[in-house]
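Input: a single structure, listed below in structure tokens.
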Amino acid sequence: MKVCAIVPAAGGGVRLFPARSKIPPRESKVFISVGGIPILARSLIELSRVKSIDRIIVALKVPVKAHFIRNIKKRFGLKKVSCVVSGGRTRAESVRLAFAKVPRAYTHVLIHDGVRPFIRPEAIERLLREVKSADGAILAKPVTPTIKCVGPANKILHTVDRARLWEAETPQVFKRSALERAFCMFGAKELGATDEASLVEAIGGDVRVVEDPFYNPKITTPVDLDLAERYASSTAGPPRVGIGFDIHRLVKGRPLYLGGVRIPSRLGALGHSDADTLLHAISDGILGSLSLGDIGEHFSDTDPRYRGIRSTKLLKKVLSQLRDSGFRVVNVDSNIMLERPKLGKYKKIIQKKVARLLGIPPRSVSIKAKTYEGLGIVGSGQAVACQVLVQLGK
Ligand code: MG
């Protein structure tokens, strides 16, 4: 089973911004953050966590796509997002444009609304199991309210038997061939289809509902957005913090790296790797906050693979473990303890570099520099030391 996901996200959020007649593309609702993470990014993060999905195609409004997607891909390590197409005027049109970009090798296509940010990988796995013996499967919930059929003058005509009614959600997943046949047979307008399942049903396909036990709302109105914000904060769990410390001897004939930046200096830091004291402390802080041990356990200083390695590479490996855990760095505070050279003019450069390495904004990285007033091993210029605090969030 090879699954390609399509995420239509070109909608303007007309109901979310009712006061405006025309929404500038950058204000499209998928860019609004819920719990500090853009709505679209949340959907993409959860889809990325499903093993059998190995490509995600996003349909976005053209003027913003490159910039926005580049940023969130980097910030959240979304390697599976490989293709962005310009969305159509309607959701159905966007899905068709994206479908045209699905490589032939994919046996199944999964479609998920970019505005359902709380989708759970467990629910998607259920769906993928069901579609193995069908043409399609969709997440849905049995209808629980009493449903009235209403005529002119708001007069109730009858009460609908809800026993067989289900409310369709996304994702919806289909055998590629079934979806292809449906698209060939029908234009979206002909059926007034609001989802892809309707098309596959209409060609006689076997499409099944899979009950979604989780909260998976479509964010459409300001009330939805407010509820989503509350839900996100209630499920974020407590933040985690980690402490990092490192110290390296200063010697002649070695470079001095701090936060991935080479600092001009008469003395450099001695070590098995490039001895970047700040990045070692940050890596240790991240590992510490996840209770995953220290960098010595992960990258032994007797392992020839790590001889002379840049610490930026070690940090990348730590960050990939961080992503697997579902956490992300919220902010980093640091003290660099070094007698000379004075770091004043390098602090901003280090801050920017560390922020870029961590994929977070520079304002979330604090770099402070201290001397030891001539006291002890740091004060006598024999060593450089760093301490950091790292805060993680979900
Ligand atoms: Mg070290």
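The values are calculated or read from the model by the stated rules, or taken from the named source; none is laboratory data. The structure presented is a predicted model; accordingly, all values stated were derived computationally and were not measured. Glycine also receives a Cβ, built like all others from the backbone with ideal geometry; neighbour counts cover every protein chain displayed.
A few comments on the model shown:
- Scanning segment 224-259 for residues that are of a type outside the set (Ser, Thr, Tyr), within 16 Å of the ligand (Cβ to nearest atom) and surrounded by 20 or more Cβ atoms within 10 Å (Cβ to Cβ) yields Gly242, Gly244, Asp246, His248, Leu250, Leu256, Leu258, Gly259.
- Leu110 being in a helix (DSSP H, G or I) and within 28 Å of Leu227 (Cβ to Cβ): no
- Of the numbered criteria (1) of a type outside the set (Lys, Arg); (2) at pLDDT 95 or above; (3) within 31 Å of the chain's Cα centre (by Cα), the one Ser273 fails is (2).
- Residue within segment 318-325 that is in the same structural domain as Gln382 (by TED's automatic domain parsing), within 14 Å of the ligand (Cβ to nearest atom) and in a loop (DSSP other than H, G, I, E, B) present: no
- Flag if Leu292 is among the aliphatic types (A, V, I, L, M) and more than 16 Å from the ligand (Cβ to nearest atom): yes
- Within segment 106-139, the set of residues being small (Gly, Ala, Ser) and surrounded by fewer than 20 Cβ atoms within 10 Å (Cβ to Cβ) comprises Ser133, Ala134.
- Any hit, segment 328-337, residues being exposed (fewer than 13 other Cβ atoms within 10 Å of the Cβ), away from the ligand (no atom under 16 Å from the Cβ) and at pLDDT below 95: no
- Criterion: touching a residue at least 40 places away in the same chain (Cβ under 8 Å) and in contact with a Gly (Cβ under 7 Å, 6 or more places away or on another chain) - qualifying residue of Ala228, Ala178, Ala193: Ala178
- The listed residue being in contact with a helix residue (DSSP H, G or I) (Cβ under 6 Å, 6 or more places away or on another chain), within 11 Å of the ligand (Cβ to nearest atom) and under 23 Å from Ile367 (Cβ atoms), out of Leu270, Leu279: Leu279
- A count restricted to segment 222-260 and to residues that are at negative phi, under 30 Å from the mean Cα position of the chain (by Cα) and not in a strand (DSSP E or B) stands at 17.
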